[in-house]
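Let me begin by presenting the structure, written as structure tokens, before commenting on it.
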Amino acid sequence: MIQDYKAILRKIAKIGQLMKNGYGEFEELAVIEKKLVNEANKLYKRLKRKYKDLLEKFPEFKGDYGDPLYLLSIIPEIKRFKNTRRFLVYLGLRRNRFYNREARQALIKIACKLAKKQRIGFRRRRPNWGFVRKIALVIFPETKRWRG
């Protein structure tokens, strides 16, 4: 469902670009765009209901929940991690060669957007790992957090 939502958002952006550049019939593109927007809104409401508690932790993403939801779709059920250390190893934020690269890249993308909104210096090539780690700890449920 999350991948569908992101794909629809990409299609809407592409149609908007086509309309802006004057390709194709304007009326036909407008009708297609309206249908896609309605479909995206339906998916958005379902996803918002499902991930309400996590999305409230990221008020900076108001209306654009694509990246945090994508990260959640990549990460297997978060509650299955025994402690924070295992979660951070999975994301590659602790010293270990084996981590999920796709999940790590999604987390860096989220951190980049949040840093930009909070006016914190951040580069994608050499990220501020302390900031990325703080975001990962916000995502990890408070009740399962390891204190050792």
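The values are calculated or read from the model by the stated rules, or taken from the named source; none is laboratory data. What you are looking at is a predicted structure, and each value in this text was computed from that prediction instead of being measured. No Cβ is skipped: glycine too gets one built from the backbone with ideal geometry, and neighbour counts run over all protein chains shown.
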In segment 106-127, anything of a type outside the set (A, V, I, L, M, F, W, C) and at pLDDT 85 or above is listed as P127
Just checking, does segment 59-71 include any residue being assigned to a helix (DSSP H, G or I) and at pLDDT 80 or above? no
Pairs returned, first residue in segment 2-21 that is under 20 Å from K48 (Cβ atoms), second residue that is assigned to a helix (DSSP H, G or I) and among the acidic types (D, E), beta-carbon separation under 8 angstrom, 6 or more apart or interchain, are I8/E39; I12/E33
